[in-house]
Each structure stands twice: as structure tokens, then as C-alpha cells.
1. With more than 8 Å from every other protein chain (Cβ to nearest Cβ), touching a helix residue (DSSP H, G or I) at 6+ places or on another chain (Cβ under 7 Å), modelled with pLDDT of 95 or more and part of a helix (DSSP H, G or I) as the only criterion, which of C:144, C:123 stands out?
2. For the stretch C:265-367, list the helices (runs of 4 or more DSSP H) that sit wholly inside it and hold at least 1 residues that are at pLDDT 90 or above; which are they?
3. May I ask you to verify whether residue A:280 is among the hydrophobic types (A, V, I, L, M, F, W, C) and touching a Cys at 6+ places or on another chain (Cβ under 9 Å)?
4. Take the conditions over 18 Å from residue C:305 (Cα atoms), out of contact with any Ser or Thr (no Cβ under 8 Å at 6 or more places or on another chain), surrounded by 24 or more Cβ atoms within 10 Å (Cβ to Cβ) and more than 8 Å from every other protein chain (Cβ to nearest Cβ) and apply them to residue C:254. Does it pass?
5. If you go through the stretch A:305-332 one residue at a time, how many are open to solvent by 30 Å² or more (accessible area, probe 1.4 Å) and modelled with pLDDT of 90 or more?
6. Which ones in the stretch A:86-137 are touching a Phe, Trp or Tyr at 6+ places or on another chain (Cβ under 7 Å) and farther than 30 Å from residue B:19 by Cβ?
7. When residues of the stretch A:42-57 are filtered for being more than 9 Å from every other protein chain (Cβ to nearest Cβ), under 11 Å from the mean Cα position of the chain (by Cα) and among the polar types (S, T, N, Q), how many remain?
8. Are there any pairs with C-beta distances below 9 angstrom linking a residue in the stretch A:276-289 that is facing chain C (nearest Cβ under 7 Å) to a residue that is assigned to a helix (DSSP H, G or I) and of a type in the set (Val, Ile, Thr), with the two at least 6 apart or on different chains, and if so which?
Amino acid sequence: METLIDIVLLGFLVLTALAVAKMHDLFAVVMLSGIYSLLSASLFLDLDAVDVAFTEASVGAGISTLLMLASLKLVGRFEKRTRYRPMLALGVVLATGTLLIYGTLDMPHFGSAEAPVHQHVAPRYLNDSMEEVGVPNVVTSVLASYRGYDTLGETLVVFTAAIGVISLLRVSRRTKEEEKQKTPADMQQQIILRVVVKWLLPLILIFALYVQFHGDYGPGGGFQAGVIFAAGIILYTMLFGLNNASRVFQPEHLERIAALGVLLYAGVGIGCMVLGGNFLDYNGLSHDPVHGQHLGILLVELGVGLTVASVMITIFFKFTWRTVKHKYVKKR
Amino acid sequence: MNILGLYNYWIVVVLMMIGFYVVIAHENLIKKLVGLSIFQTSVFFFYISMGKISGATAPILDEQYQLYSNPLPHVLILTAIVVGIATTAMGLALVVRIQEAYGSIEEHEIQDQDTQDQMESRLEAYGFRKKHALSVRDLDE
Amino acid sequence: MIDHLPILQVVVPLLGAPLCILVRNPRAVGLFALLVSTVTLLISCTLLQQVLLNGTLVYALGGWAAPWGIEYRIDYLNSYLLLLVSAMGAIVLVASQSSIGGELPRNRHMLFYTAYLLCLTGLLGILCTGDAFNVFVFLEISSLSSYTLISLGNDRRALTASYQYLIMGTIGATFIIIGVGLMYMMTGTLNMYDLAQRLPEVHNSKTVLSAIGFFIVGVCLKLALFPLHLWLPNAYAFAPSIATAFLAATSTKVAIYVLIRFIFSVVGPVFANTVLPLQEIFVVLGVSGIFATSISAIYQLNIKRLFAYSSVAQIGYMILALAIGTPLGLTATLLHLFNHALMKAALFLAIGGVVYRVGSAQLSHFAGLGRQMPWTMAAIVAGGLSLIGVPLTVGFVSKWYLVLALLENGWWPLTILVLISSLLAVIYVWRIVEWVYFSSPRIMIDEVKDPPLGQLVPIYVLVIANFYLGIDTSLTVGVSKKAAEMLFGGVF
């Protein structure tokens with residue numbers, strides 16, 4: 001059964017990817033790439049990677065598609081046809097593909113339990129993590145404890161992206177002032193949506209908190225929670241206008257929260273050092289090692305959640321302010 | 001036998017190559033980013049596939065199950081997904097600014113304009129005065 | 001405290017970056033970043049001293065022993081590069097205190113310094129780590145922050161350069177994770193030293209071969225090996241001068257480190273050469289890169305672009321020396337890595353001084369500056385001499401070792417090619433001298449003079465280092481030799 005689903009999904013993925021390559025309407029391309037992400041999420045689920053599926057669905061199909069649509073609004077919808085025949089590109093791709101296919105020939109078979117991947121490092125995570133870390137979701141214990149340093153790096157990557165987007169898409173105070181004087185948001189007339197969202201919003205935010213704190217036991221964790229929280233705020237912004245949303249979430253505060261999230265994560269590491277362990281060695285945080293691990297994971301996941309939520313909201317705001325600004329540039 | 005055992009990886013390679021082709025052969029800057037994300041997502045399949053064990057379940061420990069898939073590739077790919085969205089966001093912001101500065105996001109049109117700029121500065125080097133160049137700063141803030 | 005130095009090396013700038021956001025005030029942020037980078041430099045000095053005294057330092061992050069956790073492993077090779085990167089990071093920041101105002105509006109200063117510290121964090125993280133996947137994570141931190149730094153340039157071409165770098169860099173990084181994934185698949189581990197022990201068992205498999213191919217191509221994209229260098233010239237030419245000085249001195253060097261680490265510590269040089277014609281490929285690409293890009297450099301009108309092309313040519317020398325495949329050749333690579341960083345940092349900072357006063361890096365704007373900015377121009381000439389490889393400069397030391405290594409192997413024709421290529425460097429440096437000293441000034445305004453002391457001092461620190469380390473080579477040659485012997489001895 002799993003194999004059948006696997007093949008069907010892969011088939012759909014190939015079709016979607018081909019359609020992306022073929023289409024010239026960028027709107028369709030972006031929507032297809034959203035579909036591609038959603039199909040990937042399903043495939044990940046089929047391959048037992050529940051946390052990855054969760055993340056891919058919220059990031060790839062959610063935030064990433066949204067950002068692409070926002071930029072399409074700024075850059076225009078149609079791709080022009082290329083003038084030359086891209087033989088060189090085709091050659092490079094074929095060479096790369098051949099090397100990869102050649103590489104697959106000696107691979108252990110798909111799904112085999114004897115593959116080297118399952119022999120050396122991974123068994124310890126599955127067998128001992130319950131005593132050593134005490135968290136049933138092994139992905140969480142590897143992510144936040146065994147390889148917690150990678151996750152600190154990952155949080156820093158998100159933070160770096162925010163710095164990049166902020167510096168590229170700055171909007172002057174004047175534009176913001178002008179925006180305040182005017183006009184309802186684009187979708188402000190959609191009464192039904194507004195009513196529905198008013199009901200949905202608290203549920204979305206509570207769900208985000210659930211995902212944040214339930215990551216130890218089920219799929220989820222700081223990253224997914226941050227994205228869901230941001231999605232709720234983005235939904236609100238689309239229906240009730242940037243002005244209302246940015247009254248609650250002021251850009252400077254968001255930047256500070258993003259920085260604080262990283263500081264919280266790295267600060268836990270420093271704290272562990274002060275208490276006599278190595279960097280990010282949570283065992284020392286409490287008299288009982290497993291208790292210490294729990295506390296450490298809780299805190300670093302909180303750091304991740306704070307940074308991710310505020311960065312995603314910031315990035316969305318920056319793109320939206322840019323569209324607002326373009327409206328005025330055209331008018332002036 | 002061999003073919004059946006590897007079909008998954010082969011389809012994944014095809015997906016990767018479609019994405020890779022879109023990145024390097026297309027000239028529209030947004031399309032390139034879409035291609036890039038397809039390329040990266042396909043690499044994720046490759047990682048997740050190698051962690052799969054037939055008949056196993058998701059690595060959330062429970063007394064009902066004995067066989068779990070390998071959690072390590074999942075962790076690595078979680079990180080890689082985050083890196084992917086960070087790159088996409090950064091790339092899109094750059095595309096927006098390029099559109100504002102050049103009025104186009106097609107690679108060859110941008111190159112034409114750059115060549116023109118270069119010609120102007122070459123002329124300037126030999127003593128011609130450049131006419132007032134388009135200021136990027138107007139659009140910046 | 002000493003035990004924690006390997007992690008503090010990375011965590012200090014890592015904490016510094018978000019703190020910049022909390023500091024906010026433009027002037028204070030600059031000073032704060034300088035403070036952070038100075039502390040980082042001090043840590044790297046202590047680390048090098050420790051490694052020279054006690055040998056390799058190992059640090060298990062999170063208290064989990066490798067290969068289950070991630071470990072930091074500092075030996076001769078990376079402590080040497082840590083010193084280089086953190087020293088460049090600190091010196092460039094001294095100059096930025098006064099020059100940044102010339103190129104960036106005040107409201108961008110905070111973002112610039114944050115991105116700068118993030119980039120420093122990323123590069124140091126790549127150097128310290130002993131985990132193959134962790135390399136990718138920190139590579140992306142340094143790359144994303146470099147894209148930001150480059151896009152802050154004033155010309156609109158900075159944006160396209162940054163975009164192009166983003167595409168090429170991401171393709172490179174994706175190739176690297178494909179390579180890491182294939183190796184993980186065959187061995188079940190991500191730790192580099194564990195990989196080194198487990199790879200020999202699966203040496204003959206096609207999968208490992210393709211893994212090595214992907215990893216090396218990915219790294220070569222990052223280190224701008226000819227013909228994969230297309231992103232580099234524009235990125236260096238249109239980034240703010242401070243960012244160019246920093247990136248030119250550090251980022252490609254770190255990528256070369258990754259290549260060396262991978263070939264020597266993970267795969268093993270003998271194996272890498274027997275299964276892949278690596279030596280031949282590197283010799284051909286190295287030599288053709290030296291010539292193609294040196295000739296391009298001669299035709300450039302923008303002096304930053306000129307030196308950017310020259311950087312790609314210097315990478316060619318390093319790769320050529322690496323391809324020789326002897327301890328002496330590797331010593332030459334490591335020496336040139338360090339020395340080239342010294343030259344390019346001095347040159348780009350001096351050019352930054354010109355941009356600060358004149359507002360442009362066009363060659364024609366340098367006309368007659370020899371009289372108006374005597375100190376800055378003297379620095380550029382000194383850097384140029386070092387680039388050519390004139391005796392008493394560091395450039396001479398590294399070329400000397402390269403020639404020695406080539407002769408040791410009896411590679412006569414290549415030796416002659418290297419000497420001829422130095423003449424190309426003479427030509428492009430001479431073009432600058434001609435504009436600077438033998439043309440009449442363009443603008444007869446008194447305002448054009450040397451930049452403030454805040455910039456001249458770091459420029460001259462680097463110029464003096466160019467001569468001092470060209471005469472007293474005990475530090476650079478000593479450590480490079482030790483590192484090369486260690487890598488060939490296979491002792492970690």
C-alpha cells in the first residue's frame with residue numbers, strides 16, 4: 001500500500017514539475033509550486049517523516065507561496081520567451097543527472113532495513129533517547145538535543161534572512177503615514193471572510209501554541225509553531241489592513257523579538273556552560289539530567305518559535321508595505 | 001530486481017533535474033527561484049527516502065510499535081527546509097528590487113541595460129561626460 | 001574557560017549579531033561590532049597558541065560524543081585559518097568605523113554590522129566544525145549574509161550581482177548536501193573523522209564516487225574556481241568597499257579550506273586521486289583560470305572589478321599548488337591563502353579610501369591621485385607589488401614555495417607558465433600606476449586628500465604585514481608546513 005501511494009505521488013510530482021517548466025504564466029507557476037509542496041508533504045507523510053511533512057506543508061505550500069504571490073504583484077505576471085536554445089543548460093543537466101543515476105547503482109535498496117544508514121548512528125537515537133533525553137518524539141530529541149547546535153544555526157539562518165529582507169525592502173515613514181490616511185485594505189469588503197476569520201484567528205493561535213509545546217510528544221515544535229502563528233497574523237493582515245496589524249506588531253519590536261529568540265537559544269547554551277557542562281549540554285540545567293533535558297528543549301524551542309514567528313511576520317510586512325508603496329509611486 | 005529496488009531514487013533524480021534545468025535555462029528571475037525550490041525539495045525526497053524502512057512507522061516512540069524509520073534524515077531535512085525558505089525570501093526581495101531598478105526581471109533585458117551602463121562609463125573614461133544616470137536611490141526608501 | 005574556547009570562537013560573534021539589533025544606535029553598533037570582533041581575534045590567537053602547544057582540541061557540543069552529536073575539532077589547519085579570518089574581520093571593522101558613512105545611509109548601519117557579524121559567525125563556524133552537515137548550515141549563514149552585504153552596494157548592478165551569487169551559491173550548497181547525503185547513505189555517519197574511517201570500506205562503490213564528485217563541484221562553485229567564477233567579479237565590484245575587503249580576504253579562503261579538509265581529512269588524497277582524475281582537472285582549470293582571468297583583469301575599467309578578476313586568478317594558483325599533491329605543494333596553497341588575504345584586504349581597503357573621497361572606483365577617476373592621496377596610492381602600489389610577487393613581500397614567499405613545489409615534481413613547463421602569468425599581473429598593476437602617477441588630475445579640487453587616519457591606520461597595518469611577513473616567515477611558513485605534514489600524515 002505504501003509503495004503504491006509512493007509511486008502515485010511521485011508520478012503527480014513529475015507532472016507538476018514538468019508543468020512548472022512548461023508554463024509561462026507565473027501565477028500558474030507559483031500555484032503549481034504550491035501544489036508541488038503540498039504533494040511533497042504528502043509524500044513525506046507516506047515515508048514516515050511526519051515532522052518534515054508538517055513543516056513542508058506550512059512553509060512550502062504556505063509561506064513560500066504567499067511570498068511568491070506578493071512579489072508577483074510587484075513584478076508582473078508573464079514570463080517572456082527565452083531567445084536562445086539552451087543547449088548548454090541541457091548538457092549540464094544531463095551530465096549531472098547521469099552522475100546521479102550512476103551513483104544510485106550501488107545504493108542499498110529503497111526501504112531496506114539493512115542499509116548502512118540504519119546501522120551506525122541512528123540506532124542509539126531510537127534505543128537510548130528515552131533514557132537519555134526522555135522525549136518520545138525522537139525527531140525532537142535529535143533536533144533539539146543531540147544535534148541542537150544545527151538547530152541553533154538554522155535559527156540563525158532565519159534571522160539572517162530577516163536582516164537581508166529588511167535591508168532590501170525598507171519603506172520610509174512617509175509611505176506609512178500616507179497609508180494611514182487612506183482607504184480600507186484590499187479585501188476589507190469581504191464581510192463573510194472577515195467574520196469567519198474573526199472566529200478562526202483565536203483557534204489558529206491556540207493551535208500554534210499547542211504545536212509549540214506539544215512537540216515533545218507528537219509532530220511539531222518551535223519552527224512549525226512559529227510559522228502557524230505567523231500565518232494567523234498574516235491572515236488577519238490581509239483582511240483587516242496593514243495599519244491595524246502593525247499597530248499591534250510594530251516593526252522594531254518584531255526585530256527585537258527575532259533577536260531575542262536567537263539570544264534565548266544561545267543563552268541557554270551559555271547557561272549550560274556556566275553550570276559546568278559543555279555548550280548546550282542541558283543535563284546540568286537541573287539536578288536530574290532528564291529533567292534538565294526537558295527544560296533545555298522547552299527553552300530552545302521557545303527561542304526558535306519566537307524568532308521564526310517574528311521573522312515570518314516581518315518578511316510578510318515588508319513585502320506588503322512594498323506593494324502599498326508602489327501604489328503611491330504610481331500616483332505621484 | 002535491481003530496478004525495482006531503486007525506482008524511488010530514479011524518479012527523485014528526474015525531479016531534481018527538472019528543477020535544476022528550470023534554474024539554469026530560464027531567464028525569468030522568479031521562475032528561476034521556483035526552479036530552485038523544486039530542485040531543493042527533490043533533494044529532500046532523496047534524504048527522506050533513505051531513512052525509510054518498509055513496514056516501519058514514524059519515529060515517535062510508543063509501546064505498540066517496534067520498527068521505526070530513521071529519524072536523522074528527518075532532522076537534517078527540517079533544517080534544510082528552513083534554509084530553503086530563507087533563501088527564497090531573500091531571493092524574492094532581491095527580485096522586487098531588481099524590478100524597481102531595471103523595470104524588468106528578464107535576464108537578457110537586464111544584461112542589455114548593464115552593457116549600456118558599461119558603454120557609458122567607458123565613454124566617460126575617455127573624457128565624455130555621462131548624462132545623469134538613473135538613480136536607484138529614488139526607489140530605495 | 002580554556003576548554004570552552006573552540007565554541008566561544010563562534011558563539012561570541014553569534015551572540016554579537018542579534019545584540020546589534022538591540023543596540024540600534026548607528027555609531028554605537030559600529031563600536032560594538034568592533035569590540036566583538038576584537039574579542040573573537042583574541043580567542044583565535046589563544047586557540048592557535050593552545051593548538052601549537054597541545055595539539056588538536058576536541059569539543060563535544062551538547063555534551064554528546066561524536067558521531068551522535070556534533071563536535072568541534074581544532075587542529076593546525078583550522079586554527080591557522082581561524083586566526084586569518086578573525087584578524088581580517090577585526091581589521092576591516094576598524095576601517096569601517098570612518099568609511100562606512102561614505103557608502104551607506106545611516107539607517108542601514110545597524111543592518112550592515114549585523115550582517116557582517118553573521119557572515120563572520122558563518123565563516124568561523126565552517127572552520128571549526130567536524131560535522132559534514134554542520135558545514136552546510138554555517139555555509140548558508142555566511143552565504144545569506146554575504147548576499148545581504150553585497151546588495152547594500154550603491155549601484156543597481158549590486159542587486160543583480162547579489163541575485164546571481166544567490167543562485168550560484170544555492171546550487172553549490174545543494175550539490176554539497178547531495179554529496180553529504182550520498183556519503184551518509186553509504187556510511188551511516190555525518191562526522192568527518194568517522195567518515196574518514198568508514199569510507200575505505202565502501203571505496204569501490206559508485207555511490208561514493210558520485211558523492212565525491214558532487215561535493216567537490218559544489219565547493220568549487222563556492223570558491224569561484226574558473227570557469228565557475230562568474231558570480232564573483234560583479235559581486236566584489238559593486239558591494240560596498242568594506243564588504244568587498246572582508247569577503248575577498250575571507251570567504252573564498254574558507255571555501256578552499258573546505259575543499260582541503262574534504263580531500264585530505266575525509267576522503268584521503270590517494271583515494272581522491274586514484275578514482276577521479278582530480279590532479280589533471282585541477283591543473284588544467286587552475287592554469288587556464290590564471291591566464292583567462294588575469295587577461296580579463298587587464299581590460300577592466302573599474303578597479304574593484306580588476307582586482308576581483310585578479311582574485312580569481314590567485315585562486316587558480318592555490319588550486320594549482322594543491323594539485324601538485326605533495327606536502328610542499330599544500331604548504332604553498334596554505335601560504336598563498338594567507339598571503340593573498342593580506343594583499344587583497346590592503347588593496348580593497350585602500351580602494352575604499354578612494355571611494356570615500358572621490359566617490360567612485362572607476363580607473364579614470366584615479367587619474368593624478370598620486371599627488372592628491374599619496375599615502376593611499378602608496379598602499380595600493382605596495383599591495384600591487386605583493387600581488388606580482390616582488391621579493392621582500394608576502395607575494396614573493398608564496399610564489400617561491402609554489403615554484404619550489406613545481407620543480408620538486410619536475411613540472412618545468414608549469415613553472416614557466418607561472419612565471420609568465422606573473423607578467424600579466426605586472427601589466428594590470430602597471431595600468432593603475434600609469435593612471436595614478438602619470439596622468440593629470442581629473443578634478444582640481446582641494447577636497448581630495450587621503451582618507452582620515454581611522455582608515456589609513458588599518459590599511460598600513462596590512463601593508464606592513466605584507467612586508468613583515470614577507471621577511472619573517474616563521475609564523476606563516478611554520479604553521480602551513482605543520483598543517484601540510486599533518487594532513488599528509490593522516491594524523492588528526
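1. On the way: C:144 fails: more than 8 Å from every other protein chain (Cβ to nearest Cβ).
Step by step, each of C:144, C:123 is checked, and only C:123 is more than 8 Å from every other protein chain (Cβ to nearest Cβ), touching a helix residue (DSSP H, G or I) at 6+ places or on another chain (Cβ under 7 Å), modelled with pLDDT of 95 or more and part of a helix (DSSP H, G or I).
2. The qualifying helices (runs of 4 or more DSSP H) are C:278-298, C:303-324, C:327-358.
3. Details: among the hydrophobic types (A, V, I, L, M, F, W, C): yes; touching a Cys at 6+ places or on another chain (Cβ under 9 Å): yes.
Here the answer is yes, as residue A:280 does meet what is asked.
4. Criteria not met by residue C:254.
5. Within the stretch A:305-332, the subset open to solvent by 30 Å² or more (accessible area, probe 1.4 Å) is A:306, A:320, A:326-327, A:329-332.
Subsequent filtering for residues that are modelled with pLDDT of 90 or more retains A:306.
Qualifying residue count, the stretch A:305-332: 1.
6. If the condition is that a residue be touching a Phe, Trp or Tyr at 6+ places or on another chain (Cβ under 7 Å) and farther than 30 Å from residue B:19 by Cβ, then A:124, A:125, A:126, A:136, A:137 are the ones that fit.
7. Of the residues in that region, 0 qualify.
8. What qualifies is A:278/C:7; A:279/A:270; A:279/C:7; A:279/C:11; A:280/A:268; A:280/A:300; A:280/C:7; A:283/A:290.
The values are calculated or read from the model by the stated rules, or taken from the named source; none is laboratory data. Everything quoted here is computed from the prediction, not taken from an experiment. For neighbour counting, all protein chains shown are included, and Cβ atoms are generated from backbone atoms with ideal geometry for every residue, glycine included. We work out accessible area using only protein heavy atoms, side chains counted, and drop any ligands, DNA or RNA first. Shrake-Rupley method; radii C 1.70, N 1.55, O 1.52, S 1.80 Å.
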